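Shown next, in structure tokens, is the structure this report addresses.
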Amino acid sequence: MSTFTIDSATSRATPTPVPGKRMTVPSIRTRKKDGKTEQPLVMLTAYTMRMAQLLDPHCEMLLVGDSLGQVIYGLPSTVPVTMEMMCAHGAAVVRGSWHALVAVDMPFGSYEGSPEQAFASASRILKESGCAAVKLEGGEAMAPTIDFLTKRGIPVIGHVGLTPQAVNVLGGYGARGKSDAEARKIVGDAKAVADAGAFCVVIEGVMENIADQVTDAIAVPTIGIGASANCDGQVLVTEDMLGLFERTPRFVKRYDDLATRIGDAAAAYRKEVLGRAFPTEEQTYRPKA
């Protein structure tokens, strides 16, 4: 993938990409050898150039998730997210990163109709964003589509278990796999998408033992979110992990409380503005003597 430059005179962004160091699909896939991944894969979501810059040194993969619908746009679910949103945010994240493999979610309605529809959508995402892979939700039913895409040069990440785009069918975001039948389906779905060519598989919101079964059952890496510490990697929505929202899913660990810190900073700014303590001489322009 080509490198990028940003003029520091016109932008706050001054990335320093290192040519040839970006993670690739084969480098992700081969992290799992003989059914085992020695060093877990680290993935976080990113939707903007600046967040990508900050996260990139710490991640093997950055996911431009359709969760941006809720996190960035305040939508009630991921269902209304559009191709335009995913392409634009995907391009921003690619511009802000040089190390991590960038994958972009395919939005609801852009791939379910047919393999040909999926190819048209996925190729557009790759062309307009510059990302290395797409992610799509669904198990056995989507295996033919994954096979179609991978045979035509489009790397795919699978996604099984809790699939947020199907929230209207599932009836909510509760953990999956509580019944034996549901557990068998999740394992079968993971095997199907891996056999179809997915180079890794996200397992979301499932019982821990099922995630362990899936991780043992497929040859490609599994990426857990609300799954198991034994998965080959982990992913979280960055804004959840940073404590930017008052309510977060049970499976999220907050590594900071940025909502409080941002609120405190805004309150301090307001106090200084009202008291005419800001701006000071350091922040104003005056004629030279």
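The values are calculated or read from the model by the stated rules, or taken from the named source; none is laboratory data. No experiment lies behind these values; they were computed from the predicted model shown. We place every Cβ from the backbone using ideal geometry, glycine too, and count neighbours over all the protein chains shown. In case anyone asks, the SASA skips ligands and DNA or RNA and just uses the protein heavy atoms, side chains included. Shrake-Rupley method; radii C 1.70, N 1.55, O 1.52, S 1.80 Å.
May I ask you to list the trypsin sites (Lys or Arg not before Pro) in the stretch 214-289 that are in a DSSP loop and have at most 15 other Cβ atoms within 10 Å of their Cβ?
Those satisfying the criteria are 247, 250, 253, 254, 276, 288.
Please sort by residue number the chymotrypsin sites (Phe, Trp or Tyr not before Pro) in the stretch 248-289 whose DSSP state is loop and whose Cβ has at most 10 other Cβ atoms within 10 Å.
Loop-located and lightly packed - 285.
Could you give the accessible area per residue of the stretch 20-258, probe 1.4 Å, as a whole number in Å²?
Ligands and nucleic acids excluded, the figure is 43 Å² per residue.
Any idea what % of Cα-Cα pairs in the chain are farther than 23 Å?
57
Give me the net charge for the shell around residue 63: Cβ to Cβ below 9 angstrom, other residues only, Lys and Arg +1, Asp and Glu -1.
Neighbour charge sum, excluding residue 63 itself: 0.
Given a cut-off of under 8 Å on Cα pairs at least six residues apart, what relative contact order in percent is computed for the chain?
15 percent.
What percent antiparallel are the DSSP beta bridges of the chain, to the nearest 5?
10
At 0.36 nm per residue, minus the direct Cα-Cα distance, what do residue 230 and residue 245 gain on full extension? Give it in nm, one decimal, please.
Working it through step by step, the gained length comes to 2.7 nm.
Please compute the length gained on full extension between residue 255 and residue 39, using 0.36 nm multiplied by the number of residues separating them and subtracting their Cα-Cα distance.
Taking residue 255 through residue 39 to full extension adds about 75.7 nm, to one decimal.
What's the carbon and sulfur percent of the stretch 20-258's accessible surface, probe 1.4 angstrom, rounded to a whole number?
With neighbouring chains kept in place, the figure for the stretch 20-258 is 54 percent.
Which of the GluC sites (Glu not before Pro) found in the stretch 24-125 are in a DSSP loop and have at most 14 neighbouring Cβ atoms, other than their own, within 10 Å?
Sites meeting the loop and neighbour criteria: 38.
At what distance in nm do the modelled label points of residue 273 and residue 216 sit from each other, each positioned 7 Å from its Cα along Cα→Cβ?
For the pair residue 273/residue 216, the computed spacing is 5.8 nm.
Quick one: length gained pulling residue 72 to residue 152 fully straight, 0.36 nm per residue minus the C-alpha distance?
25.6 nm
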